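Worksheet: the structure to be examined is printed underneath.
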Amino acid sequence: MDTLRFYFVTWNVATRSPGQDLNSLLDFPSQFNKNKPLPDFYVIGLQEVKSQPQNMLMDSLFTDQWTSMFNKILCRQGFVVAKSIRLQGIILIVYTKLKHVTHLRDIEAQFTKTGLGGLWGNKGAVSVRFNIYGCSVCLVNCHLAAHDYMLEERISEYNTIIKEHCYHIAETSNILYHDYVFWVGDLNFRLDHPSDSSPSSEEIVAALEKVEKDKYTSLLKHDQLLAVMNSGEAFSEFSEPEIKFPPTYKFNIGTDDYDLKRKPSWTDRILYKVIANNYENITLRADLISYNHMPHYMVSDHKPVVAQFNIKIRSAVPVEVPKIKKTQIRMRSALIPPEGDASMVEPIAAFSALDDNIGIDSTEQEEEFSVSFQAFSNYTVKTVEFDPIVRIWYIGDADFRTQCTLSPDVEIHPNDWIGIYDADFQNLDNYIVYEYLAKVSVAPTAAPGTLRKVTLSFPVGSGVRTPGFYRLIYFSQPNSEVKSVLGISEPFEVSSKEDRLVTIDPCVEASTSSSPGRSKPSTATTDIFTDFTGLDVAKLSRHFSNDLSID
């Protein structure tokens with residue numbers, strides 16, 4: 001498989017709260033098609049999320065209701081928030097399947113204000129860009145100037161966003177330089193008939209009722225967006241799938257009836273752009289799966305619009321080997337013996353299924369969780385592999401050491417860092433604690449093109465304070481705006497000293513262990529997804545120092 005499926009949602013929610021179930025909005029499998037595969041990425045673009053000053057203050061401390069609702073639905077399905085950004089009422093959230101997280105490179109978010117001549121963020125754009133399997137992707141959500149007569153302002157705002165939206169990756173510093181660009185939002189373009197033959201709202205609604213087989217050509221020929229795309233004034237670089245749904249604005253809230261105070265218009269759109277021949281060994285493309293509105297959602301005066309695309313990538317998606325279900329696994333690693341005690345060199349892993357006990361040796365375990373990759377010769381993976389953690393961490397330990405191996409193509413930056421996350425983390429920004437690799441320097445023995453092993457020392461008592469299961473995640477961060485995920489460890493256990501276990505005899509089968517399994521304590525972290533430019537996260541974090549060195 002060499003494609004990724006993206007699912008897009010754009011919705012102006014008119015400052016309303018979620019009042020309907022959102023599962024069908026995300027096209028989740030129903031009881032009639034339970035085996036339908038989920039997309040690889042969900043991209044949610046919202047406009048007019050309630051954003052009065054008091055709401056902005058609350059949303060800086062707690063997640064807004066819409067984001068919370070999407071998190072509850074998608075994170076329960078195994079998705080992780082790769083990145084999110086908010087500009088007043090404009091929100092963009094990018095979710096990815098966990099298996100793709102370690103292939104996210106150069107993640108960056110940006111915004112451009114266009115309201116009040118660029119002084120106010122009620123109008124403008126937010127975006128997230130990243131590289132995935134050798135291709136660059138840029139996702140934009142925008143809200144442009146309203147009203148029929150503001151066409152010139154909409155054109156100007158588009159060009160302002162294109163000009164001022166800049167990224168730190170040189171080859172993709174502009175939105176339009178990316179291999180794939182998907183632009184969603186309330187673009188606010190209206191129907192623009194000649195003044196001498198302009199129909200009333202009632203006449204447009206009457207014409208819509210006569211449309212057969214979703215053919216809206218007679219009305220769309222007066223669509224302002226299609227007109228400026230053809231003239232080259234705005235969005236001329238983009239394409240749009242054929243529209244086969246009625247105008248999505250404006251409705252009387254709580255109904256399917258158009259508000260006749262406004263002319264019905266296709267204000268909510270999803271556009272895309274592909275640089276097909278950017279690489280010698282592959283032709284990129286975005287294949288449309290669906291493009292439609294969701295008429296049964298009535299909490300806003302807009303209807304949400306959704307689209308699905310398969311995009312071609314440069315390297316094959318990892319092929320997963322069937323594995324034991326997460327709910328059937330209970331793991332505990334044996335303690336590391338004192339130095340010189342060779343009787344316990346091999347770690348013991350205990351697995352306990354829901355119905356019976358299953359013993360698996362280390363070889364079988366590797367096969368259960370193995371994946372394979374295929375990449376083109378000019379595409380480097382840049383990976384960090386964490387060594388298995390073969391002891392339980394104890395809260396309050398003065399020092400704990402583990403190791404990770406860097407592939408030869410990994411360049412260590414002073415801002416690189418390793419975060420400790422809950423094992424079931426839902427957001428890449430939700431670290432428990434982290435530490436920079438600023439003290440790391442390449443040893444003379446580490447020749448170019450060779451693997452490097454880094455020894456990490458964490459004073460656990462300074463960061464993790466709750467027993468439970470956690471992961472380590474390695475981030476490459478050449479500057480404060482851009483980061484890449486290079487490696488994620490398997491879950492490991494942190495326990496309190498009061499629960500210190502007796503050393504396990506390696507000759508005893510894991511299934512005969514007398515130590516009862518303990519339920520995993522909750523290690524939920526603050527659920528904040530908002531980006532605030534200029535906020536010094538380092539000063540707010542529970543930052544602690546450690547000793548990092550190259551072997």
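The values are calculated or read from the model by the stated rules, or taken from the named source; none is laboratory data. Only a predicted model underlies this, so the values are computations on that prediction, with no experimental measurement involved. Please note: Cβ atoms are built from the backbone with ideal geometry, for glycine as well, and neighbour counts cover all protein chains shown. Protein only, heavy atoms only, side chains kept; ligands, DNA and RNA dropped before computing areas. Shrake-Rupley method; radii C 1.70, N 1.55, O 1.52, S 1.80 Å.
Before moving on, here are some points about what is shown:
- Once the Cβ-Cβ distance of Arg401 and Glu233 is raised to the sixth power relative to R0 = 51 Å, the FRET efficiency obtained is 0.25.
- Scanning residues 5 or more positions from Arg452 or on other chains, those with amide H under 5 Å from its amide H are Leu406, with H placed 1.01 Å from N in the peptide plane.
- Two-decimal log10 I(q)/I(0) for region 157-212, as the Debye equation yields it once each C-alpha is a single scatterer, q = 0.14, 0.19, 0.23 Å⁻¹: -0.64, -0.79, -0.97
- Cα centroid separation, region 226-259 to region 120-175 (Å): 18
- Loop sites in region 463-495: trypsin sites (Lys or Arg not before Pro), DSSP, at most 15 other Cβ within 10 Å: Arg465
- Accessible surface calculations at 1.4 Å, restricted to protein heavy atoms, place region 34-184 at 36 Å² per residue.
- In percent, rounded to a whole number, the relative contact order of region 67-208 is 18, using alpha-carbon pairs under 8 Å and six or more apart.
- Cut-off 15 Å, label 7 Å out along Cα→Cβ of Val381, residues of region 110-151 by amide N: 133-134
- In order along region 38-46, the phi-based Karplus estimate (6.51 cos²θ - 1.76 cosθ + 1.60, θ = phi - 60°) of 3J(HN,Hα) comes to 7, x, 7, 9, 10, 10, 10, x, 10 Hz; Gly and Pro are listed as x.
- Computed from the Cβ-Cβ distance with R0 of 30 Å, the FRET efficiency linking Leu119 to His193 stands at 0.35.
- At a probe radius of 1.4 angstrom, the accessible area of region 212-264 per residue rounds to 55 square angstrom.
- The modelled label-to-label distance for the pair Ile275/Asp257, using points 7 Å beyond Cα in the direction of Cβ, is 5.1 nm.
- Within the accessible area of region 166-226, the carbon and sulfur atoms contribute 49%, probe 1.4 Å, all protein chains present.
- FRET efficiency estimate (nearest 0.05) - Cβ-Cβ, Thr450 to Met69, R0 60 angstrom: 0.80
- Estimated Rh, region 82-193: Kirkwood, alpha-carbon pairs, angstrom: 14.7
- Each Lys or Arg adds one and each Asp or Glu subtracts one; over the other residues with Cβ under 10 Å from the Cβ of Leu151, this totals -3.
- All-pairs alpha carbon distance profile, region 193-315, 10 Å steps from 0, percent: 11, 35, 33, 14, 6, 1
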